[in-house]
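Trainee: Questions regarding the structure given below will be posed in turn.
Taken together, the values in this text are just the output of simple stated rules run on the coordinates, not laboratory data. Nothing here was measured: the structure is a model prediction, and the numbers come from that model. Every residue, glycine as well, gets a Cβ built from its backbone with ideal geometry; the counts of neighbours run over all protein chains shown.
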Amino acid sequence: MYPKILVMSYKVSSDKMGEDYNFQGVEFNLITQDYAESISAAGAIPLLMPYLEARQNDEAYIREFLNLADGVVLPGGSDIDPALYGSYPQKNLGSITPERDRWELKILKIAKEMGKPILGICRGFQLINVFYGGSLKVDVCGNSVETKIPHMASMVPKYYKTHKLNIKPGTRLAEVFAASEIAVNSFHHQAVDKVGNNLKVSAVAPDGFVEGIEDSDYPYLVGVQWHPEMMAAREPVQLKLFEDFVQFIIKNK
């Protein structure tokens, strides 16, 4: 049987979907197709878990939902509410959805209590850091930031290799990629500032920004700042992260 991977989706109102979908009061649950394709290519079945306002405080319901899955993926998306890491709205903060933040933090908490393998990507990586008591840099693309790397490289294709990163030896990522360096895409304007408690840094960009974290005391909890799902179809090396996630689940079911 194929393992089942739960991917968190997020709520978007129709006024943000463009004029073809502008139906008053209608909301959508979205996730990009790349997550489903990468999870499927890695040998698992992708399942969607939407934000459910009526169930946001119903832990029994959430646990039963999580029981349907063998692992959880926290995907990319909007900025995280700065109040969650002791900060406040600042210049260049993007749009936030506080209810999504609190919903996904609750999912993360319960998934950990249940021992579910967890993979966080971009926003999901940042959310993991916040969950562990870490903080974020609100914006790393402004004029005041001294880096030549365009971390929000929205001018290039999704699979474009924007920069290389260094992988720390003795980490899960070093085992996954069997390399000390890998080229990645980059679509983020926030970044890890203070690393969360008990998290190990597994990868860094040439300018020092954290690109990978993991909890080596937990069976499987890995976060990456880039978007491997956007590269996997063209760059087989990027699929290795999803394959590792799925194979861990298969071996430990």
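Trainee: Given an 8 Å cut-off on Cα distances and at least 6 residues of separation, report the relative contact order of the range 125-199 as a percent. Present the calculation step by step, with values, prior to reporting the outcome.
Mentor: Numbers: 108 pairs, mean separation 36.3, N = 75.
Once divided by the residue count of the range 125-199, the mean separation gives 48 percent.
Trainee: Please give every one of the lysines within straight-line cross-link reach of Lys240, meaning a C-alpha to C-alpha distance under 24 Å, and leave out same-chain neighbours fewer than 8 residues apart.
Mentor: Lys4, Lys112, Lys116, Lys158, Lys161, Lys164, Lys168, Lys200, Lys251, Lys253
Trainee: Still on this structure, please answer the following. What is the distance, in nm, between label points placed 7 Å from the Cα along the Cα-to-Cβ direction at Lys200 and at Ser216?
Mentor: Spacing of the two 7 Å Cα→Cβ label points: 0.3 nm.
Trainee: Counting other Cβ atoms within 10 Å, keep those with at most 12, restrict to DSSP loop, and tell me which trypsin sites (Lys or Arg not before Pro) in the range 27-100 are left.
Mentor: On the way: sites: Arg55, Arg63, Lys91, Arg100; in loops: Lys91.
The qualifying sites are Lys91.
Trainee: Once you keep just the Cα pairs under 8 angstrom separated by 6 or more residues, what percentage relative contact order results for the chain?
Mentor: Worked out over the chain, it gives 20 percent.
Trainee: What 222 nm value per residue comes from the helices of the chain, counting each DSSP H run with n ≥ 4 as -39,500 (n - 2.57) and dividing by all residues, nearest 500 deg cm²/dmol? Write out the running numbers ahead of the final one.
Mentor: Details: 7 runs with 69 residues, N = 253.
Calculated mean residue ellipticity at 222 nm is -8000 deg cm²/dmol.
Trainee: Arranged from highest to lowest average of other beta-carbon atoms within 10 Å per residue, in what order do the peptides 241-248, 229-236 appear?
Mentor: On the way: 241-248: 21.2, 229-236: 19.1.
My ranking of the peptides, most packed first, is 241-248, 229-236.
Trainee: Another one. Here are labelled values, [x] 36, 22, 18; [y] 25, 24, 19; [z] 27, 19, 18, and one is the computed semi-axes √(5λ) of the Cα gyration tensor in Å for what I pasted. Which one?
Mentor: [y]
Trainee: Could you work out how far apart the two model spin labels at Ile250 and Lys168 are, taking each label as a point 7 Å from the Cα in the direction of the beta carbon, and quote it in nm?
Mentor: According to this spin-label approximation, the distance is 2.9 nm.
Trainee: Measuring from label point to label point, each 7 Å out along Cα→Cβ, what is the Met114 to Ser78 span in nm?
Mentor: For the pair Met114/Ser78, the computed spacing is 2.6 nm.
Trainee: Quick one: check the C-alpha center-to-center distance for the range 94-151 versus the range 60-79, whole angstrom.
Mentor: Taking the Cα centre of each part, the range 94-151 and the range 60-79 sit 15 Å apart.
Trainee: Something else now. Can you list the residues, at least 5 places off or on another chain, whose amide H is less than 5 Å from the amide H of Glu211, using H built in the peptide plane?
Mentor: Excluding prolines and chain starts, which carry no amide H, the hits are Ala203, Val204, Ala205.
Trainee: What order, most packed first, do the peptides 72-82, 117-127, 27-37 have when packing is the mean number of other Cβ atoms within 10 Å of each residue? Intermediate results must be reported in sequence, preceding the final value.
Mentor: Numbers: 72-82: 22.6, 117-127: 25.3, 27-37: 16.5.
The packing order, highest mean first, is 117-127, 72-82, 27-37.
Trainee: So, one more: About the Cα centre of the chain, what is the dipole size in debye to 20, counting +1 per Lys and Arg Cβ and -1 per Asp and Glu Cβ, all else neutral? Display every interim value, and only then the final one.
Mentor: Numbers: 26 positive and 31 negative charges, 91 e Å.
Charge dipole of the chain: 440 debye, to the nearest 20.
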